[in-house]
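These notes are about the structure you will find just below.
The values are calculated or read from the model by the stated rules, or taken from the named source; none is laboratory data. All values reported here derive from a predicted model rather than from experimental measurement. Here the Cβ positions follow ideal geometry from the backbone for every residue, glycine too, while neighbour counts run over all protein chains shown. In case anyone asks, the SASA skips ligands and DNA or RNA and just uses the protein heavy atoms, side chains included. Shrake-Rupley method; radii C 1.70, N 1.55, O 1.52, S 1.80 Å.
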Amino acid sequence: MERKLRNMINNLYQGPLNNKVTLEKITAQWEKEEAEKQKIHEEVLEEEKERERKKKELEDFLNSW
């Protein structure tokens, strides 16, 4: 009975992960989300770099007077 219950629990929670198609869909979705997060991270870094460049240009301009 314990084994049957353990198998039922395993099938309930690990069943979708044992299905190759479902696992591929989950993996693809995760990869898509991670790529989007990376893209946003790179955009934020680029914006920060651009702000620093403009700040330096402004400081250089103000110091040239």
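Here are the numbers:
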quantity	calculated
Carbon/sulfur fraction of accessible area - segment 14-65, other protein chains in place, 1.4 Å, %	56 percent
Per residue accessible area in Å² of the chain, where ligands, DNA and RNA are left out and the probe is 1.4 Å	103 Å²
Environment charge of Glu59, counting only residues whose C-beta is closer than 13 Å and scoring Lys/Arg +1, Asp/Glu -1	+2
Gained length - Leu45 relative to Asn11, 0.36 nm times residue gap less alpha-carbon distance	7.9 nm
Radius ratio Rg over Rh of the chain, counting only Cα atoms, Kirkwood formula for Rh	1.56
Value of [θ]222 nm, deg cm²/dmol, for the chain, DSSP H segments ≥ 4, -39500 (n - 2.57) each, nearest 500	-34000 deg cm²/dmol
Non-local Lys pairs in the chain, i.e. 8 or more apart or on different chains, that have alpha carbons under 28 Å apart	13
